[in-house]
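Before any comments, here is the structure.
The values are calculated or read from the model by the stated rules, or taken from the named source; none is laboratory data. Because the structure is a prediction, the values reported are computed rather than measured. Here the Cβ is made from the backbone with ideal geometry for all residues, glycine too, and neighbour counts use every protein chain on show. The area values use the complete protein model at the heavy-atom level, side chains included, leaving out ligands, DNA and RNA. Shrake-Rupley method; radii C 1.70, N 1.55, O 1.52, S 1.80 Å.
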Amino acid sequence: MRGPRTARAAYLLVLAAVLADNTVLGVTDYIKGGRAPCSNEGETVGLQDERLQEVWSSCFHCICKNGFVECRSGDEECGMMEDCAVVMPREGCCVRCKGCWYNGTEHASHTEWGEDGKLYRCEAGVITVSRPECYAACDSPKHQRHTHYNMHYNCPVCDECVINGQRVGEGRDVRIPEEPCLSCRCVHGALSCAKRACPVLPCVASQQETPPGECCPRCLHPTADKILPISGNSLPKPCIFGKEYHAHQSPFRVDPCTDCTCLNGTAVCTRHTCPVLTCGASALPPPPGKCCPECPQVEEAKSACVVAGKTYQDGDTWQLDACKSCECHGGQPRCAMERCPPLSCPPDQTLRLLPGQCCPKCIDVDGICTVFGDPHYKTFDGKFYSFQGSCKYQLVSDCKNHTFSIRISNDARNTSHSSWTRTATLRIGSTKINMGKRMRIKINGQRITLPHKINGVADISRSNGSVILKAKIGVQMVWDGDGFLEVTVSSSYKGKLCGLCGNFNAIARDDMRTRDGRLLNDTWRFGSSWRVGGRRACTRRQERPGQNTRCRQSKLKKARRVCSAFDRHDAFAKCGAKLNPQNYRDACLLDACSCAGTRCHCAAYRAYARECSRLGVEAHDWARAAWCEGPPPPWLKPGRKDFGRSSKPKGNNFLPISSIPKPTNTRSRPPPPILQ
């Protein structure tokens, strides 16, 4: 293995087979694979084979997210393939959409440019030439040179970015439902509106469809390019429209609004732009021989609009939501909807719609650190590790501004190698809140009953079998009174924290940094560096867990059985597609082997169920499915062989616990699952 950029060789077989094949991949060809698991959360995942890594590394960028490999397009830009009508053969990483040649220049599909007041658009080997139609959205527009549709033209603009009562944000587009091809944009506080002609498509009309609310039709089914590549010194190429063949330099007509000429494989079409209509949805279809719809004759204009039982006078406006509003024009409601730009957030951010806002934004996510079982830790940045220290430790602290700190005390529970979290203590200024066994809560040493409020500091309550502490400074703790602890911190603490929960900087690989700043791979040395309180705070002599801790084969068999619900029960089926349970399964095995009770495995299930809930998938009835609720099955009850009762091992039918997989970040890494 080559370290953090390694991958499982088995997953590379399909890649190697495809690369060895010299045939050109068509529009429906792809590299098959499975969804690959991974361990090092947030880390880059590469290919084990150096030749494959060199060939394919520019095609994708893969990271480990929620225990699975997640891939996005890499350094090489393939261009837009969405709604592509004609697909070219694969070259390198990409299957590309057919482009256009015009005046000695190649243009990618879906691109636009302006020349001499005209708008040019390339769409799968067809160039549409048109002149946008100006539209004034206000009563007293000004004429000035403005940029719209990637070109400069003289159209009237409005001083205020408002249309049909809808205020448009700077740089944003707004669309009119009745005129979907009319686009208005706010630039430097001025609103400009123009209507464009739809691009000519290389498929027949019966194979075109206009999505609801969209301006222009799209080809229903992409086709492979039927002629030779555009570039090269071959003879002039023809143009193909559906089943029609047009020779080089031959003219042809698509419809009454469109005249085309084939120029060496690229069809150049001039299309008339229809004017903006004021009648909206009541417009009539084009008369025979004409290309534009028309408004019907109206004998008398109305002075009010009646919408959903409400009456609006001429000129009245009303807001439907943060993105859409309407205005009454001559008895007809006219609406406008602001369009939100597409956003892709980095892994440490999430797309969220804030109250009162029209468009969602990428915002930093809160940090969550989880402690459970024989202590297993998942840091704020997603690193998973186990540390069986049985003393008092600094779990998390604001190391920049010193606003708070959380310490935990671990209990050896009469074992030589295991430990479980016994108490958690939050300090904010002079306030000390201690959460202990059976959810007993003390504030500055005084026992309290719940719910309880500390003015200006925190609210403490009980819910779903846990204590929930919500501090005003942006810290929340969930404690079940028996070893499960979850700490949530506001994104404002990003890069300011230290302790066993890591530094919260969106990089998992540097979470194991000691109190004096050293970066370690040894979990025992790392955890021990955050010990506080001296020797009196320890429940046993502190020694690194050795190889002498054993798990009998019979107990290991039962441990594997109680930990099988991650894959076996429907309660976790949907979550398993979003969050890899491997770390939690490994933790479950360790806990079930180390513990003398019948419910020790439940901590791993609860931690996994909590993560599933955060991802929007509820693991219903998981406790019963995992034997964590109700009477245990007969084979799990105390006294049944070794499971639940300590006894002296007979013979050599035992395994060292160290041989059981631990939830650490040292496993080899698989390759990306699918390349398309």
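Structural remarks
- Meets criteria (outside any loop (DSSP other than H, G, I, E, B), at pLDDT 90 or above and open to solvent by less than 40 Å² (accessible area, probe 1.4 Å)) for F526: yes
Listed here are the residues, each with its yes/no results for (1) open to solvent by 50 Å² or more (accessible area, probe 1.4 Å); (2) outside any strand (DSSP E or B); (3) of a type outside the set (S, T, Y); (4) under 22 Å from C279 (Cα atoms).
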{"position": "G171", "(1), (2), (3), (4)": "yes, yes, yes, no"}
{"position": "C186", "(1), (2), (3), (4)": "no, no, yes, no"}
{"position": "A194", "(1), (2), (3), (4)": "no, no, yes, yes"}
{"position": "C198", "(1), (2), (3), (4)": "no, yes, yes, yes"}
{"position": "L201", "(1), (2), (3), (4)": "no, yes, yes, no"}
{"position": "P211", "(1), (2), (3), (4)": "no, yes, yes, yes"}
{"position": "C216", "(1), (2), (3), (4)": "no, yes, yes, yes"}
{"position": "H221", "(1), (2), (3), (4)": "yes, yes, yes, no"}
{"position": "Q249", "(1), (2), (3), (4)": "yes, yes, yes, no"}
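- For first residues located in the stretch 514-529 and among the β-branched types (V, I, T), partners that are in a helix (DSSP H, G or I) and open to solvent by less than 40 Å² (accessible area, probe 1.4 Å) and lie 6+ apart or on another chain with Cβ distances below 7 Å form the pairs T514/F526; T514/S529.
- When I127 is tested against (1) open to solvent by less than 40 Å² (accessible area, probe 1.4 Å); (2) over 23 Å from F252 (Cα atoms), exactly one condition is not met: (2).
- Among residues of the stretch 322-333 that are touching a residue at least 12 places away in the same chain (Cβ under 8 Å), those with a beta-carbon under 7 Å from a residue that is in a loop (DSSP other than H, G, I, E, B) and of a type in the set (A, V, I, L, M) at least six positions away or on a different chain give the pairs C326/L320; G330/A301; G331/A301.
- Qualifying residue in the stretch 537-554 (condition: surrounded by fewer than 16 Cβ atoms within 10 Å (Cβ to Cβ), in contact (Cβ under 8 Å) with a residue 12 or more places away in the chain and aliphatic (A, V, I, L, M)): yes
- Considering the stretch 265-373, the qualifying strands (runs of 3 or more DSSP E), each wholly inside and each with 3 or more residues that are more than 30 Å from G481 (Cα to Cα) and of a type outside the set (D, E), run over 266-271, 304-307, 310-313, 317-319, 324-329, 332-339, 349-352, 361-364.
- Residue within the stretch 330-347 that is surrounded by 13 or more Cβ atoms within 10 Å (Cβ to Cβ) and farther than 30 Å from C186 by Cβ present: yes
- Taken as a whole, the stretch 586-595 holds no residue that is in contact (Cβ under 8 Å) with a residue 40 or more places away in the chain, surrounded by fewer than 17 Cβ atoms within 10 Å (Cβ to Cβ) and either touching a strand residue (DSSP E or B) at 6+ places or on another chain (Cβ under 9 Å) or not in a helix (DSSP H, G or I) (or both).
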